[in-house]
1. With the structure loaded, tell me whether B:Glu41 is more than 13 Å from the chain's Cα centre (by Cα) and among the charged types (D, E, K, R) or whether it fails that test.
2. Take the conditions touching a residue at least 12 places away in the same chain (Cβ under 8 Å) and either within 13 Å of the chain's Cα centre (by Cα) or at the interface with another protein chain (Cβ under 10 Å from one of its Cβ atoms) (or both) and apply them to B:Leu51. Does it pass?
3. Determine whether A:Leu43 is of a type in the set (A, V, I, L, M), buried (at least 21 other Cβ atoms within 10 Å of the Cβ) and over 11 Å from the mean Cα position of the chain (by Cα).
4. Test A:Phe95 against the criterion of being at pLDDT below 95, within 14 Å of chain B (Cβ to nearest Cβ), surrounded by 12 or more Cβ atoms within 10 Å (Cβ to Cβ) and in contact with a strand residue (DSSP E or B) (Cβ under 8 Å, 6 or more places away or on another chain), and give yes or no.
5. Could you tell me how many of the residues in the stretch A:10-31 are in contact (Cβ under 8 Å) with a residue 60 or more places away in the chain, exposed (fewer than 13 other Cβ atoms within 10 Å of the Cβ) and under 25 Å from B:Gln100 (Cα atoms)?
6. So, in the stretch B:86-113, of the ones that are surrounded by 19 or more Cβ atoms within 10 Å (Cβ to Cβ) and among the small types (Gly, Ala, Ser), which residue ends up farthest from the chain's Cα centre (by Cα)?
7. Show me the strands (runs of 3 or more DSSP E) found entirely inside the stretch A:1-86 where at least 2 residues are within 14 Å of chain B (Cβ to nearest Cβ) and within 28 Å of B:Ile4 (Cα to Cα).
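The values are calculated or read from the model by the stated rules, or taken from the named source; none is laboratory data. Bear in mind the structure is a predicted one, so any value in this text is a computation, not a measurement. For neighbour counting, all protein chains shown are included, and Cβ atoms are generated from backbone atoms with ideal geometry for every residue, glycine included.
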Amino acid sequence: KAGVTQTPRYLIKTRGQQVTLSCSPISGHRSVSWYQQTPGQGLQFLFEYFSETQRNKGNFPGRFSGRQFSNSRSEMNVSTLELGDSALYLCASSFAGTGLTGNTIYFGEGSWLTVV
Amino acid sequence: GQNIDQPTEMTATEGAIVQINCTYQTSGFNGLFWYQQHAGEAPTFLSYNVLDGLEEKGRFSSFLSRSKGYSYLLLKELQMKDSASYLCAVPSYSGAGSYQLTFGKGTKLSVIP
């Protein structure tokens, strides 16, 4: 069973540019969440999508956006990049949410974004 | 809101036992997760506790006390490969069937020979 796949794994962008990250969830999973991980703030929730609808959003500015397609694949976009956006962006998938019944939340390897 | 505290770093010797603590404050309790994250890799699920007590899974055990807002992860017979960050996380319900995980900043465990 293939895991959560994120692309690209590494990228470098310049301040002011925009970036799009992609996530393919585990087959059959309909919920996709995005998290930002930095050394200072740790893992922080960005947003969650289920059946192409954003159900939940974290405390991030409007420059951070996302979407989900009918095949459950998801993309997140960051516009007008700032140096502080440098981080590891993690995608997580689950069958129908955050999997409170147990080990049903699977994370991808992440996309390392460096803004220079 | 949610607030989670765990030690930043710990060091332990190969073959020993180590306990990683996590204290939390939540507006509603929906269980507590522990994840392991090796450097440069994805977090991987270790345990989920929703009831008080100790749950054992091989060399790893997790304990929860809801009245004290406290959990710990116990690692026995430490191996070098256990060197990683250990993340404590609590889910909060956000409506529309959606939960979000709030993570502690992680405890970086170094296992030395």
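1. yes
2. no
3. Values: of a type in the set (A, V, I, L, M): yes; buried (at least 21 other Cβ atoms within 10 Å of the Cβ): yes; over 11 Å from the mean Cα position of the chain (by Cα): yes.
Spelling it out, A:Leu43 is indeed of a type in the set (A, V, I, L, M), buried (at least 21 other Cβ atoms within 10 Å of the Cβ) and over 11 Å from the mean Cα position of the chain (by Cα).
4. Details: at pLDDT below 95: yes; within 14 Å of chain B (Cβ to nearest Cβ): yes; surrounded by 12 or more Cβ atoms within 10 Å (Cβ to Cβ): yes; in contact with a strand residue (DSSP E or B) (Cβ under 8 Å, 6 or more places away or on another chain): yes.
For A:Phe95, the condition - at pLDDT below 95, within 14 Å of chain B (Cβ to nearest Cβ), surrounded by 12 or more Cβ atoms within 10 Å (Cβ to Cβ) and in contact with a strand residue (DSSP E or B) (Cβ under 8 Å, 6 or more places away or on another chain) - is met.
5. Residues in the stretch A:10-31 being in contact (Cβ under 8 Å) with a residue 60 or more places away in the chain, exposed (fewer than 13 other Cβ atoms within 10 Å of the Cβ) and under 25 Å from B:Gln100 (Cα atoms): 1 in total.
6. Only one residue tops the list, namely B:Ser98.
7. Values: elements: A:5-7, A:10-13, A:19-24, A:31-38, A:42-50, A:53-57, A:64-68, A:74-78.
Filter on the stretch A:1-86 gives A:31-38, A:42-50, A:53-57.
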